[in-house]
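Please read the structure below before turning to the comments.
The values are calculated or read from the model by the stated rules, or taken from the named source; none is laboratory data. Only a predicted model underlies this, so the values are computations on that prediction, with no experimental measurement involved. Cβ placement follows ideal geometry from the backbone for every residue including glycine, while neighbour counts extend to all protein chains displayed. The area values use the complete protein model at the heavy-atom level, side chains included, leaving out ligands, DNA and RNA. Shrake-Rupley method; radii C 1.70, N 1.55, O 1.52, S 1.80 Å.
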Amino acid sequence: MSAVPPVSDVVVCGAGIAGLAVAHELAVTHGLRVLVVSEHAPMSLTSDKSTEAYRNWWPGPDDAMVRFMNRSIDRLEHWAERTGNRFLLNRRGYVYATTRASRAAEFERNAALASAQGAGPLRVYRSTAEAEQYQPSALQGWANHPPGADLFLDAESIRAHFPWLSPDVCAVLHARRCGWFSGQQLGMMLLEELRAADGVLVEGRVERVRVEGGRVVGVDVALGGESRHVSCGAFVNAAGPHARAVGALCGQDLPLFSEAHYKLSMEDEHGVVDRGTGLVILDDPISLPWSSEERAELAADPDLAWMTHELPAGIHLRPEGYGASRTVLMLWDYHGAQRYDAPMYPLPEDPYYPEVVLRGMCALAPGLRAYLERLPRCWVDGGYYTKTRENRPLIGPAGADGAYVCAGFSGFGLMAAPAAAEMVGARLVGSEGPEYAAAFDVRRYEDSGYRARLESWGETGQL
């Protein structure tokens with residue numbers, strides 16, 4: 001463990017992907033003295049619970065998220081190129097599927113919007129002849145893949161290119177500047193380069209941010225039963241699920257809450273899932289497959305009757321690993337996310353998660369029914385999505401002069417960290433950063449027009 005320096009230019013709280021990316025940016029790009037303080041090992045609280053996916057596919061009311069993610073992916077690709085793709089960046093894509101004609105029409109409208117906002121060109125296939133131009137993704141790497149998205153609206157073409165999906169699927173949208181990578185390898189790369197630039201990481205807890213004359217002048221760190229003072233001119237809150245509590249140390253009530261999200265992994269011994277596919281999402285509500293006897297028994301139990309109801313859309317899966325690997329990752333927030341003002345550890349257990357997720361997955365990939373008679377061994381873990389009401393992060397000044405925040409990344413921290421770190425670095429050295437930075441500034445909530453816009457989306461709406 002490194003010693004705590006008495007003086008630093010910047011103290012960063014948090015050693016998840018956001019904290020490491022910010023520290024790397026400040027030390028490597030800007031040459032600043034950086035101290036990272038974390039109560040946990042690097043990349044171990046939430047960042048290692050991710051599916052490690054990324055996308056530039058963010059159809060929304062404006063182009064801020066598309067531009068932000070395009071910049072982040074630019075940086076990921078640059079880092080991959082200069083390191084020989086150490087963190088295994090691929091361009092498998094996101095594959096959205098639906099069995100509903102009405103949702104297929106929404107796919108087309110949303111895809112046109114995303115394309116117009118900078119996500120790349122849209123190619124629509126309404127026949128097998130048109131689908132002949134489709135270029136499947138390579139298993140590895142990111143170069144020489146088509147941009148934009150491919151939208152299949154022809155059932156025969158869908159069966160030809162995605163034969164393992166349900167025959168009821170009537171539309172497939174393959175977003176192309178998307179994929180996944182090894183978050184742990186990326187985090188370790190950033191940490192190694194941070195240390196090479198004389199950055200310091202210590203295992204401790206930020207217990208006080210000292211402010212004098214409205215400006216950050218130091219940080220007190222609890223370390224091994226002692227308190228150490230570090231003089232500094234800037235402090236960055238990159239504390240992930242704990243960002244709201246850390247923000248209070250800077251006199252800032254950050255509008256953040258957390259949601260517990262889970263994922264499971266299992267071995268697909270029957271080879272149901274195409275090992276070459278991207279991250280696949282069924283964008284339909286789902287009713288779980290039960291026998292009539294099972295359904296009646298569940299419906300009679302007040303604690304289990306919910307399993308007989310229609311459950312929300314958004315079930316995800318993707319293959320994990322290369323070569324002989326048969327591992328598949330699966331996610332589904334079927335309960336509807338419960339909000340926590342402060343995260344609880346360990347996460348609340350859900351003993352039904354493996355069976356409910358696997359049964360739900362049968363609506364996407366019917367071949368998975370082979371596992372229902374005897375459930376395979378599943379491994380479940382999870383972490384918190386810490387987010388704002390509109391699901392856009394907080395990046396920039398927060399509270400006293402010299403205090404910054406880089407948090408609220410919901411489930412997209414790994415993909416957003418490169419661009420977010422660049423934005424924090426720019427602000428800290430006196431630049432305004434990119435035009436879209438205002439969309440992520442904490443001060444956006446001071447704008448009456450922005451607040452009215454949030455209200456128009458309702459309590460659970462997202463921009």
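Using only side-chain charges placed at the Cβ, +1 for Lys and Arg and -1 for Asp and Glu, the dipole size of region 108-159 relative to its Cα centre rounds to 140 debye. Rolling a 1.4 Å probe over the protein chains gives Glu432 an accessible area of about 130 Å². The translational diffusion coefficient of region 161-238, from Stokes-Einstein at 20 °C and 1.002 mPa s with a Kirkwood hydrodynamic radius over alpha carbon pairs, comes to 123 µm²/s.
The residues of the chain have, on average, 41 Å² of accessible surface per residue, using a 1.4 Å probe with all protein chains present. Think of the chain as a dipole: +1 on every Lys or Arg Cβ, -1 on every Asp or Glu Cβ, centred on the Cα centre; then among Val28, Cys170, Tyr371, Val28 lies furthest on the positive end.
The equivalent ellipsoid that matches the C-alpha gyration tensor of region 362-463 spans semi-axes of 38, 19, 11 angstrom, in descending order. Counting only protein heavy atoms and a probe of 1.4 Å, the accessible surface of region 77-229 is 48% carbon and sulfur.
The chain: percent of C-alpha pairs farther apart than 28 Å? Result: 53 percent of Cα pairs exceed 28 Å. Packing, taken as the mean count of other beta carbons within 10 Å per residue, orders the peptides 292-299, 57-64, 311-318 from highest to lowest as 311-318, 57-64, 292-299.
Overall shape: oblate for region 394-453, with the ratio a/c of the largest to smallest alpha carbon gyration tensor axis at 1.5 or above and b/c at least equal to a/b. Expressed as a fraction of 2.2 N^0.38 Å, the C-alpha radius of gyration for region 202-278 is 1.79. Ranked by the mean number of other Cβ atoms within 10 Å of their residues, highest first, the peptides 362-368, 171-177 fall in the order 171-177, 362-368. For the Cα trace of region 9-68, dividing Rg by the Kirkwood Rh returns an Rg/Rh value of 1.09.
Kirkwood's formula applied to the C-alpha pairs of region 165-319 gives a hydrodynamic radius of 21.6 angstrom. Helix content alone sets the calculated 222 nm mean residue ellipticity of the chain: runs of n ≥ 4 DSSP H residues at -39500 (n - 2.57) each, divided across all residues, give -7500 deg cm²/dmol. For region 300-436, a Kirkwood radius taken over Cα pairs fed into Stokes-Einstein (37 °C, viscosity 0.692 mPa s) yields D = 177 µm²/s. Here is the list for region 327-382: GluC sites (Glu not before Pro) lying in DSSP coil, each with at most 10 other C-beta atoms within 10 angstrom of its C-beta, are Glu349, Glu373. Using only Cα coordinates, the Kirkwood hydrodynamic radius of region 35-82 works out to 13.2 Å.
Backbone amide hydrogens, once placed in the peptide plane, bring Ala171 within less than 5 Å of Thr98, excluding anything fewer than 5 places away on its chain. Computed over region 73-167, the Cα gyration tensor eigenvalues convert (square root of 5λ each) into semi-axes of 27, 16, 12 Å, ordered from largest to smallest.
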